Amino acid sequence: MHVVVIGGGPVGLASAHGLLASGAEVTVLEAGPRSRPQGSGLSLFGNGVAALESLGLGAALSRLTGDASPTLGGIRTPRGDWLARTPDAALQTMRVIHREALHAMLLAGLPSGTVRFEAPAELLSAPDGQVRLDDGEQVHADLVIIADGIRSRSRKHVTCDPGSRYAGYGAWRGVTHTEMASVIPSETWGAGRRFGLVPLTDGRVYWFAVSSSDPARDGDQRPEVLELFAGWHEPIAEVVQATDAEAVSWLPIEELARPLPSFSQGRAVLLGDAAHAMTPNLGQGANQGFEDAATLCTVLRQTSDLPRALARYDMLRRPRTRDVARQSRLLGRVGQLSNPVLVRARDTVMKATPDSVARRQFRQFETLARLTP
């Protein structure tokens, strides 16, 4: 089987690993250059780790992240008090990685020539598996995997494309240039603002600052972040100050405007953000993309009947990703509450919620096994 993957991000590259292990011939077409700045961290939860292991990437991931996992985490108030704790089971399976390191790992494990960089491409015909590159070259594939992100050019050739929707808030992201000791992984929730701290395995800290207001400054964004979160608990200010100006960026938070009616048509199938771009509030965007790749590779191994395999993939993945996207959207709305009365009520409910409730919520992300037939 010849497979063409449109999009050389983590999900596209992970799917290439799984397909190559199954004996397929794989070509990845990536629009960008080989080296792309990716200055943020990525949390891999139990389901994402299990998916990567299913794709044959467990050993490489362990070499990159080690076996260490956070021992404490949760949601805090701006004063530093705990509103909710992350369940121990979720922390034990969680791995945190820098996106550049993950991308390098995925590239390093592929045979030379598998990925063609600076090769923007678009699906031309789903029934025929025909792909056209921007330079006019056309490629035929037995299967076309579309993993080119929320602004996918090929999605409209597979299903009705709803476009993207702004969630109503944006986020600054950065990674410190120095190692920082004893930083606890956490989110801090205020009124219309949130701040996240995620220690990386190399000692640096990935952070994100969420606000319902758009950035007011050009250039160096750090002064605005420090002003918005002035007086919040340490080490928030210290972490921002330990980040180079060029390592801080702001992005609007977006998601698909509506769930797609189908993830596949003919010889083409959608994976990752191209299929179900969601808000990052649950940290499940990439994890769900890796689940896509693992599930697709599993169903393809189980049958040589491509229409049957893609129908099975669609049946498994659409309900799962629709529910996760909905939960993430709702969590974002709760996290971004700005009315003081509603914020106090939110915090009171969170403090009073038993740990068993949080454990049940995380349990749905702890394993991949039940997602594959």
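The values are calculated or read from the model by the stated rules, or taken from the named source; none is laboratory data. This is a predicted model, so every value here is computed, not measured. Every residue, glycine among them, receives a Cβ derived from its backbone with ideal geometry; neighbour counts consider all protein chains shown.
Of the listed requirements (1) closer than 21 Å to Asn281 by Cβ; (2) modelled with pLDDT of 95 or more, Glu224 misses just one: (1).
Of Ala171, Ala209, Ala191, all but one fail to be under 30 Å from Arg346 (Cα atoms), without any contact (Cβ under 8 Å) to a residue 40 or more places away in the chain and among the hydrophobic types (A, V, I, L, M, F, W, C); the exception is Ala209.
Taking the residues in the range 227-251 that are assigned to a helix (DSSP H, G or I) and in contact (Cβ under 8 Å) with a residue 24 or more places away in the chain as candidates, determine which candidate is nearest to Arg193 (Cα to Cα).
As a first pass, look at the range 227-251 and keep what is assigned to a helix (DSSP H, G or I): 227-228, 236-241, 245-247.
Okay, now just the ones that are also in contact (Cβ under 8 Å) with a residue 24 or more places away in the chain, so 228, 236, 238-240, 245, 247.
Working: Leu228: 8, Ile236: 13, Glu238: 18, Val239: 17, Val240: 15, Ala245: 21, Ala247: 21 Å.
Per the criteria, the residue is Leu228.
Take the conditions (1) without any contact (Cβ under 8 Å) to a residue 24 or more places away in the chain; (2) under 22 Å from Leu271 (Cα atoms); (3) in a loop (DSSP other than H, G, I, E, B); Asp135 misses just one of them, which is (2). Candidates Ala126, Ala108, Ala119: the one that is surrounded by fewer than 16 Cβ atoms within 10 Å (Cβ to Cβ) and of a type in the set (A, V, I, L, M) is Ala108.
Can you tell me which residues in the range 205-219 are buried (at least 21 other Cβ atoms within 10 Å of the Cβ) and either under 26 Å from Leu64 (Cα atoms) or at pLDDT below 95 (or both)? Spell out the reasoning first.
We begin by selecting, within the range 205-219, every residue buried (at least 21 other Cβ atoms within 10 Å of the Cβ); these are 205-207, 209-211.
The answer is Val205, Tyr206, Trp207.
Residues of the range 65-76 that are crowded, with 17+ Cβ neighbours inside 10 Å, part of a loop (DSSP other than H, G, I, E, B) and either at pLDDT 80 or above or charged (D, E, K, R) (or both): Gly73 alone. Has the range 170-179 got any residue that is farther than 19 Å from Val248 by Cβ and in contact with a Gly (Cβ under 9 Å, 6 or more places away or on another chain)? Checked against the condition, which is being farther than 19 Å from Val248 by Cβ and in contact with a Gly (Cβ under 9 Å, 6 or more places away or on another chain), the range 170-179 yields no hits at all. Give the residue that is nearest to Pro78 (Cα to Cα), with candidates limited to residues of the range 176-208 that are more than 17 Å from the chain's Cα centre (by Cα) and of a type in the set (A, V, I, L, M). So, considering only residues that are more than 17 Å from the chain's Cα centre (by Cα) and of a type in the set (A, V, I, L, M), the one nearest to Pro78 (Cα to Cα) is Ala191.
Could you look through the range 129-149, keep only residues that are of a type in the set (Asp, Glu) and surrounded by fewer than 19 Cβ atoms within 10 Å (Cβ to Cβ), and pick out the one that is farthest from Val175 (Cα to Cα)? The residue in question is Asp142.
For the range 150-184, the candidate set comprises residues that are charged (D, E, K, R) and crowded, with 20+ Cβ neighbours inside 10 Å; within that set, the residue that is modelled with the highest pLDDT is Arg155.
Taking Gly170 as the residue in question, decide whether it is at positive phi and not assigned by TED's automatic domain parsing to the domain that holds Leu300.
On the way: at positive phi: no; not assigned by TED's automatic domain parsing to the domain that holds Leu300: yes.
Spelling it out, it is not the case that Gly170 is at positive phi and not assigned by TED's automatic domain parsing to the domain that holds Leu300.
Restricting the range 89-105 to residues that are in contact (Cβ under 8 Å) with a residue 12 or more places away in the chain and of a type in the set (Gly, Ala, Ser), the residue that is surrounded by the most Cβ atoms within 10 Å (Cβ to Cβ) is Ala90.
Quick one: is Ser22 in contact (Cβ under 8 Å) with a residue 40 or more places away in the chain, within 30 Å of Thr176 (Cβ to Cβ) and among the hydroxyl-bearing types (Ser, Thr, Tyr)? For Ser22, the condition - in contact (Cβ under 8 Å) with a residue 40 or more places away in the chain, within 30 Å of Thr176 (Cβ to Cβ) and among the hydroxyl-bearing types (Ser, Thr, Tyr) - is not met.
The one condition from (1) surrounded by 15 or more Cβ atoms within 10 Å (Cβ to Cβ); (2) of a type in the set (Asp, Glu); (3) assigned by TED's automatic domain parsing to the domain that holds Ile6 that Glu187 does not meet is (3).
Residues checked against (1) of a type outside the set (Val, Ile, Thr); (2) in the same structural domain as Leu271 (by TED's automatic domain parsing); (3) part of a helix (DSSP H, G or I); (4) touching a Pro at 6+ places or on another chain (Cβ under 9 Å):
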| residue | (1), (2), (3), (4) |
| --- | --- |
| Leu20 | yes, yes, yes, yes |
| Gly23 | yes, yes, no, no |
| Ser35 | yes, yes, no, no |
| Gly48 | yes, yes, yes, no |
| Ala59 | yes, yes, yes, no |
| Arg63 | yes, yes, yes, no |
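Is one or more of the residues making up the range 187-200 part of a loop (DSSP other than H, G, I, E, B), of a type outside the set (Gly, Ala, Ser), at pLDDT below 95 and within 19 Å of Ser43 (Cα to Cα)? Taking every residue of the range 187-200 in turn, at least one turns out to be part of a loop (DSSP other than H, G, I, E, B), of a type outside the set (Gly, Ala, Ser), at pLDDT below 95 and within 19 Å of Ser43 (Cα to Cα).
Only a single criterion out of (1) within 27 Å of Arg155 (Cα to Cα); (2) under 15 Å from the mean Cα position of the chain (by Cα); (3) surrounded by fewer than 20 Cβ atoms within 10 Å (Cβ to Cβ); (4) at pLDDT 90 or above is not satisfied by Ala14, namely (3).
Here is a yes/no grid of residues against (1) in a loop (DSSP other than H, G, I, E, B); (2) touching a helix residue (DSSP H, G or I) at 6+ places or on another chain (Cβ under 6 Å); (3) not basic (Lys, Arg):
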{"site": "Ile253", "(1), (2), (3)": "no, no, yes"}
{"site": "Pro261", "(1), (2), (3)": "yes, no, yes"}
{"site": "Asn281", "(1), (2), (3)": "no, yes, yes"}
{"site": "Gly289", "(1), (2), (3)": "no, yes, yes"}
{"site": "Leu300", "(1), (2), (3)": "no, yes, yes"}
{"site": "Ser304", "(1), (2), (3)": "yes, no, yes"}
{"site": "Leu310", "(1), (2), (3)": "no, no, yes"}
